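Novice: Structure below; questions to follow.
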Amino acid sequence: MRLAPSGTPLRLVERTLARVGLRILVANLVGASLAFFYLAVVSPFPPSITRAQRGHIIRVNLVVFAVFMTVMGIVIGLLMVRKIRNVDRWAHEERDPSPAEVDAVLHLPHTLLTLPGVTWLLAATTFGVVQPLLGLGWVIVLRVASGIVLGGLITSTLTYLLVERALRPLAAFVLTYGPLDRPRAPGILPRVVVSWLLSSALPLVAVGLSQLFRSDAERRHLAGPIWFLVLVGVVTGAIAMTIAAKSVAEPVSDVRTAQRDVQAGRLDVTVPVRDASEVGLLQAGFNEMVAGLRERSRLQDIFGRHVGAEVARQALERGIELGGETRDVSVLFADVIGSTTLAQQRPADELVRALNAFFGAVVASAREEGGWVNKFDGDGALCVFGAPADLPGHRAAALRAARRLRDRLAALPPETGIVAGVGVSSGLVTAGNVGAEERFEYTVIGDPVNEAARITEAAKTRPERVLASEPTVLGAGEEAAYWRRVAEVTLRGRAAPTALYAPAGGDQAAYPHGG
């Protein structure tokens, strides 16, 4: 389990849920205060109700309020505990959250939004029923119910905004356990609408409803202008908020669409910058990021072509340091015969084309068998099987690659004049970065490399042109059936003779494991 920024995941969960609980309490206190102010000041009792009646009504409502809050407090508390169990169980059990538990954390603002909403709706119903029992008419019932409903709406919207913000540290933590591949929370437009409800729509509606409880004279002079202003404020506010939300949501959606293209590997995408605000900076920043990715991809491609894709990948993943490791590998060395004569007889551009055809055959043969072309050395090429990445059965792979290369070279147009010797050896080498901090290369060093070069020299003098050491062939499993012993030669710089094998026959289709 990963550690949270503030310590253990359990500590982060407990601190976050404590903040959530406090903010729910604050939201309910604000909603209750506004509902009380609305009922006591904005829409007070009509003058027809005597002072004694008001006292009796207030006392009864206070008793009902106390009973209601006690019952609902227990019920809501139990419901909240049940909801929160889906949020913090994984932290108490000291394990990673499951996808369902991640969703439970991210949906907590929406989940907790329903609790105060249901509570206030039940309160409006309860107190709406109590008022007729006190002998009050429909006007008072509507007055009380509307005040409680407005308080509930304010509480619910404020609860969502406060809880969503308090939950951000925990949401950021659980999102590290899986990619955010789809929206898991309300988007920009719903959040702006909630803010508009809290800041504009509900206060305007409260002003309009308050006129229902005024005297006939007050309503006669003020009802028309006030309701007109309420209607204008609600409609124009909704239109303005929608436009403002879309001005942010649509550019963000464009960035998200382009981001999906980048994730799919398309780095030629750009987002039009149509805004000079922070949104425009986001679009411009995304374009700069993609341009950097394009440059990085180009450099990685060039780097991979120079040193080999596997070496480049390991360098990018693990970093670079001088040194090496001992590995069991097979080495294939190929060298053009008579390259000096070719250079004297051919124009430079023709010689380059011929060498490129030779190197193309080497690269294709090695790649098809999982090998890595370590270097091109003048008119020669060194291929390694088993480094830098492990390659089970590297001896058989190197021998198959040698046979493939023999067939490809035989198929080159005669005018290229390319004839090459190929040698294969295997054994322990040191593989790693060799050189200085300022300039180095990944290569392999060891006796198999030297032996492959010496075998290649011997191959140039024999009609087979392709030779391999005996230990390589004998350790190649089924591939050994495609090779035959042809000579025993004392290689240059060696005291003892080396048994050499050549491909048995010219069957170009016999690649049992190489595809």
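Novice: Might you check whether a residue that is assigned to a helix (DSSP H, G or I) and charged (D, E, K, R) occurs anywhere in the stretch 370-393?
Specialist: Looking for residues that are assigned to a helix (DSSP H, G or I) and charged (D, E, K, R), one finds none in the stretch 370-393, hence no.
Here is a yes/no grid of residues against (1) modelled with pLDDT under 90; (2) in contact with a Gly (Cβ under 9 Å, 6 or more places away or on another chain); (3) closer than 14 Å to residue 330 by Cβ; (4) of a type in the set (A, V, I, L, M, F, W, C):
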| position | (1), (2), (3), (4) |
| --- | --- |
| 378 | yes, no, no, no |
| 386 | yes, yes, yes, no |
| 422 | no, no, yes, yes |
| 425 | no, no, yes, no |
| 445 | yes, yes, no, yes |
| 459 | no, yes, no, yes |
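Novice: For the stretch 116-126, how many residues meet the condition of being within 23 Å of residue 22 (Cβ to Cβ) and either touching a residue at least 40 places away in the same chain (Cβ under 8 Å) or of a type in the set (Asp, Glu) (or both)?
Specialist: Here the count works out to 4.
Novice: Hey, among the residues in the stretch 1-46 that are touching an Asp or Glu at 6+ places or on another chain (Cβ under 7 Å) and at pLDDT 70 or above, which one's surrounded by the most Cβ atoms within 10 Å (Cβ to Cβ)?
Specialist: The qualifying residue surrounded by the most Cβ atoms within 10 Å (Cβ to Cβ) is 13.
Novice: Can you name the condition, by its number, that residue 364 falls short on among (1) farther than 24 Å from residue 455 by Cβ; (2) part of a helix (DSSP H, G or I)?
Specialist: Status for residue 364: all satisfied but (1).
Novice: Test residue 449 against the criterion of being of a type in the set (Val, Ile, Thr), under 45 Å from the mean Cα position of the chain (by Cα) and at pLDDT 85 or above, and give yes or no.
Specialist: It is true that residue 449 is of a type in the set (Val, Ile, Thr), under 45 Å from the mean Cα position of the chain (by Cα) and at pLDDT 85 or above.
Novice: So, in the stretch 160-171, of the ones that are modelled with pLDDT of 75 or more and among the hydrophobic types (A, V, I, L, M, F, W, C), which residue ends up surrounded by the most Cβ atoms within 10 Å (Cβ to Cβ)?
Specialist: Taking the candidates together, the pick is 170.
Novice: Still on this structure, please answer the following. Select from the stretch 80-97 the residues that are of a type in the set (A, V, I, L, M) and buried (at least 16 other Cβ atoms within 10 Å of the Cβ) and write down the one among them that is modelled with the lowest pLDDT.
Specialist: Once the filter is applied, the top-ranked residue is 84.
Novice: Can you tell me which residue within the stretch 88-143, out of those that are of a type in the set (Lys, Arg) and assigned to a helix (DSSP H, G or I), is farthest from the chain's Cα centre (by Cα)?
Specialist: In this case the residue turns out to be 143.
Novice: Then there's this: Residue 302 fails exactly one of the following numbered conditions: (1) at pLDDT below 80; (2) of a type in the set (Val, Ile, Thr); (3) within 27 Å of residue 423 (Cβ to Cβ). What is the number of that condition?
Specialist: (3)
Novice: Same structure again: For the structure I just gave you, tell me whether residue 471 is of a type outside the set (Lys, Arg) and assigned to a loop (DSSP other than H, G, I, E, B).
Specialist: no
Novice: Something else about it: May I ask you to say which residue of 402, 396 is in the same structural domain as residue 484 (by TED's automatic domain parsing) and under 28 Å from residue 353 (Cβ atoms)?
Specialist: Going through 402, 396 in turn, just one is in the same structural domain as residue 484 (by TED's automatic domain parsing) and under 28 Å from residue 353 (Cβ atoms): 402.
Novice: Which of (1) more than 22 Å from residue 392 (Cβ to Cβ); (2) assigned to a strand (DSSP E or B); (3) at pLDDT 90 or above does residue 487 not meet, given it meets every other one?
Specialist: It is condition (3) that residue 487 fails.
The values are calculated or read from the model by the stated rules, or taken from the named source; none is laboratory data. Here the structure is a predicted model, which is why all the values come from computation and not from measurement. Note that each Cβ is placed from the backbone with ideal geometry, even for glycine, and that neighbours are counted across all protein chains shown.
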